[in-house]
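Each value in this text was obtained by applying a stated rule to the coordinates, not by laboratory testing. Model, not experiment: these values are computed from the prediction. Quick reminder, even Gly has a Cβ in these numbers, built from the backbone with ideal geometry, and neighbours come from all protein chains shown.
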Number of protein chains: 2
Amino acid sequence: MDPLPQPPYYAVIFTSQRTPGDQGYGDMADRMVALAAGQPGYLGVESARGDDGLGITVSYWRGPEDIAAWRRHAEHKVARDTGRSDWYAHYTLRVAKVERAYAWAREDGNQDPRP
Amino acid sequence: MDPLPQPPYYAVIFTSQRTPGDQGYGDMADRMVALAAGQPGYLGVESARGDDGLGITVSYWRGPEDIAAWRRHAEHKVARDTGRSDWYAHYTLRVAKVERAYAWAREDGNQDPRP
């Protein structure tokens, strides 16, 4: 993820438990990331999912009105419906205002040891 | 993670890139989770790390003063120092105020398909 602007900005914390099997999830997840990146106020996204199927995706936005607009996006709505019917056992979504941010990186040039 | 109280509460979003190898990381991570759980204002934690070594841990707290107190905890300070010297290539920490939360769960009793 590219560096974000200085706070304040907003974070959408999406914690989800996948159902077994792909069922088209990977393609749709890639499509949603690309689609979100083109929305007004989008700042970035980072995502991790472990072998137990628990995943956390955090997307960053300029403000709550941008999050609301993305929520209303027609293709995003379809993905949410399919998420409920096929891909997720449960999920939680939290909208939070980022007040402070601090970044640290190793200085020995070994910043990306797993290419 | 047990259900959280209604917002507002705080989230610490910790995004990190691991260095290769364990180097005592797993034990210390378990210890930090257990230690954090005993701190005033601690509400919960959730964590995911993918095969690429990128991890996201979100801990939840009653308020910023609780986060500041945990930051000052002596054993936590030692873990942070070791994190910088041994475990992480880079990380970002964000403190955010959770304003809204929404949870959804499948109703067919298949809520935890990957025991």
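Remarks
- For A:Pro8, the point set 7 Å out from Cα toward Cβ sits 0.8 nm from its twins in the other copies, listed from shortest up.
- Selected from B:Ser59, B:Ser85, B:Ser16 as most flexible by GNM, with chain B as the system and alpha-carbon contacts under 10 Å: B:Ser85
- Cα shape, the protein assembly as shown, gyration tensor, a/c 1.5 rule: rounded
- Shielding of peptide B:47-56 by partners, expressed as the average count of other chain Cβ atoms within 10 Å per residue Cβ, is 6.
- The simple spin-label model puts a point 7 Å past each Cα toward its Cβ; for A:Asp22 and B:Asp86 those points are separated by 3.8 nm.
- Three-way shape call for chain A based on the alpha-carbon gyration tensor, with the a/c threshold at 1.5: oblate
- Calculated label separations, B:Gly38, copies of the chain, 7 Å along the beta-carbon direction, nm: 5.3
- Exam field: B:Gly24 pseudo-label spacings to other copies (7 Å along Cα-Cβ), nanometres: 5.0
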